[in-house]
């Protein structure tokens with residue numbers, strides 16, 4: 001009895017990796033082995049066999065070394081068997097260099113002819129077709145070739161995704177999509193206040209160009225029925241309330257409604273506010289001594305009923321003069337009081353009420369408030385007023401502050417003084433300005449003095465000295481320069497201005513310093529020259545005229561040699577010109593004759 005055994009190669013072989021199988025056919029009815037074969041012969045480009053001893057009848061199946069790019073030739077044997085004489089059967093070389101199986105493409109698949117092939121030799125072409133959901137791209141190649149280096153040529157992207165039609169928007173929702181190509185998915189969301197009632201919120205573009213499933217549906221959010229407990233009722237109720245529906249509440253049995261009288265169905269299916277309450281409300285009669293009512297004269301005082309008080313003459317109100325009946329049958333605030341007191345303290349010009357008193361509204365008899373003076377003023381007396389027994393403020397006739405004044409700064413020699421127009425005169429911040437008389441020069445840095453908060457004048461009095469005044473430094477003019485350049489210029493000193501190339505000077509090229517320290521004229525400036533075509537015109541016309549004159553002179557000289565001076569003859573000599581002007585020239589001695597000539601034009 002015989003059997004078969006498959007033997008795998010040892011893992012970790014140092015030679016070319018691979019897997020081979022050894023099939024063993026054993027005659028089980030033979031009790032003892034009749035012999036064995038040694039290691040099987042090596043076959044080029046196959047994975048090695050690691051076993052060294054094989055029994056008679058055992059077959060070895062070789063596999064090509066595919067890691068090195070070798071594949072089996074179709075129709076050739078790849079099996080040898082250990083024979084009874086302990087020799088192996090013959091085997092021919094069956095592995096050949098070839099390309100690995102063609103690459104798998106997302107958009108294309110091998111045609112059936114090539115799917116069944118198991119070897120792809122050099123130069124072999126294979127062809128693809130488009131997968132479902134794709135269509136052939138125009139002017140593209142669907143084939144690839146096994147190249148000389150046994151790699152496949154790069155495939156073109158010869159198939160492109162089919163497209164579906166626009167799936168359309170849905171009512172009360174929005175569609176989100178990048179494109180409508182095969183494999184794309186569009187998703188839908190419902191607008192605020194709406195909910196999706198279908199199972200899927202998406203649609204997929206399928207291979208047949210149609211969209212999967214039906215469009216999603218968005219329905220309005222439904223709110224729970226509103227609460228109508230405790231004498232609460234709905235005005236014009238409905239069976240069902242959906243998003244943005246509103247309701248109005250009212251109380252039954254003459255009760256007052258406490259809270260918001262209306263609500264609306266929100267986007268998440270809840271009501272926008274809590275339901276109100278219905279209560280019996282009645283506030284007590286309000287009494288404020290030394291006051292009169294301005295509104296809400298008589299009760300009953302129901303919810304939100306308001307009363308306004310006003311203090312009698314000579315009384316000051318403490319608290320709010322308006323009160324309102326609230327949901328607890330109590331007045332919204334403490335009743336006001338009318339007490340003896342002064343009105344808000346006065347603030348006259350140049351005064352400031354100290355911050356502690358600016359927000360105070362009640363001033364009782366004997367209360368004292370303090371002030372400060374604004375900048376430029378000082379205290380005339382104590383900076384305070386008191387609410388007296390007559391409920392009036394003391395020191396009301398005049399301001400508590402008086403202006404801070406500097407003494408008259410006086411005149412200076414050889415100068416005129418100009419005072420500013422501020423009032424009062426010589427107050428803090430006012431300025432006097434000095435100007436030297438003709439023929440004098442100010443030697444001081446400042447020509448003015450200012451009244452300071454310490455009642456002193458700033459700076460020292462300026463000094464005017466006899467002598468001329470130098471002119472100030474000049475800045476370079478744009479696109480030009482000047483000479484000489486100095487920090488200052490003495491009287492009668494002259495400055496010359498020049499402009500850069502392509503610019504012309506506008507104004508005086510030279511100015512001088514006058515005795516009063518000013519310049520004799522305005523500073524000039526440089527202006528870009530306008531394009532000048534005169535030179536070009538002259539350069540063309542003048543040579544033409546010269547040439548014509550040379551011709552005329554030559555012809556005249558030629559006629560003179562022949563004794564002819566008739567201008568008519570000269571005209572006939574130049575037939576392309578016509579007479580323009582007839583003029584007469586009187587030739588000087590020694591020949592007394594009159595010659596006529598004719599100028600010519602084209």
If a/c stays under 1.5 just call it rounded; otherwise compare a/b with b/c (prolate if a/b is bigger, oblate if not). Do that for the stretch 158-296, with a ≥ b ≥ c from the square roots of the Cα gyration tensor eigenvalues. prolate
At 222 nm, what helix-only mean residue ellipticity would the chain give, in deg cm²/dmol to the nearest 500, using -39500 (n - 2.57) for each DSSP H run of four or more? -2000 deg cm²/dmol
When a/c reaches 1.5 or more, the comparison of a/b and b/c decides; with that in mind, is the stretch 108-161 rounded, prolate or oblate per its Cα gyration tensor? oblate
With Rg from the Cα atoms and Rh as the Kirkwood inverse mean 1/r over Cα pairs, the stretch 415-466 has an Rg/Rh of 1.02
How many times 2.2 N^0.38 Å is the alpha carbon radius of gyration of the stretch 471-528? 1.09
Please compute, over every Cα-Cα pair in the stretch 173-220, the percentage with a separation greater than 18 angstrom. 30
Ranked packing of 352-365, 182-195, most packed first, by mean Cβ within 10 Å: 182-195, 352-365
Where does the stretch 131-210 land on Rg/Rh, using Cα atoms and the Kirkwood Rh? 1.25
For residue 318 and residue 208, calculate 0.36 nm times their separation in residues minus their Cα-Cα distance, and state this gained length in nm to one decimal. 31.0 nm
Taking just the C-alpha trace of the stretch 222-279, give me its Rg and Dmax in Å. 11.1, 34
Could you tell me what a quarter of the Cα convex hull surface of the stretch 236-325 works out to, in nm² with one decimal place? 8.5
Expressed in Å to one decimal, the Kirkwood Rh of the stretch 31-143 from all distinct alpha-carbon pairs is 17.2
Stokes-Einstein D in µm²/s, Kirkwood radius over Cα pairs - the chain at 20 °C with 1.002 mPa s viscosity: 48
Please give, to one decimal in nm, the separation of the simple spin-label points placed at residue 544 and residue 368, each 7 Å out from Cα toward the Cβ. 10.8
With only alpha-carbon pairs counted, each pair once and no self-pairs, how large is the Kirkwood hydrodynamic radius of the stretch 360-445 in angstroms? 16.8
Once you put a point 7 Å from the Cα of residue 339 and another 7 Å from the Cα of residue 435, both along the Cβ direction, what distance in nm separates them? 6.5
Between residue 285 and residue 231, what is the FRET efficiency for a Förster distance of 25 Å, r being their Cβ-Cβ separation, to the nearest 0.05? 0.40
For residue 525, put the label point 7 Å out on the Cα→Cβ axis and report which residues of the stretch 472-487 keep their amide N under 15 Å from it. 475-481
Any idea what % of Cα-Cα pairs in the stretch 291-340 are farther than 15 Å? 45
What is the pair-distance distribution P(r) of the stretch 351-403, computed from all Cα-Cα distances in 10 Å bins starting at 0, with each bin given as a whole percent? 25, 51, 22, 1
Could you give the radius of gyration (one decimal) and Dmax (whole number) of the Cα atoms in the stretch 212-255, in Å? 16.2, 61
Take the stretch 265-416, drop everything but the C-alpha atoms, weight them equally and run the Debye formula without solvent; then report log10 I(q)/I(0) at 0.10, 0.12, 0.17 Å⁻¹ to two decimals. -0.62, -0.74, -0.98
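Computed from the coordinates by the stated procedures, all read-outs in this text should not be read as laboratory data. Owing to the predicted nature of the structure, the values given are computational and were not obtained by experimental measurement. Neighbour counts run over all protein chains shown; Cβ positions are idealised from the backbone, glycine included.
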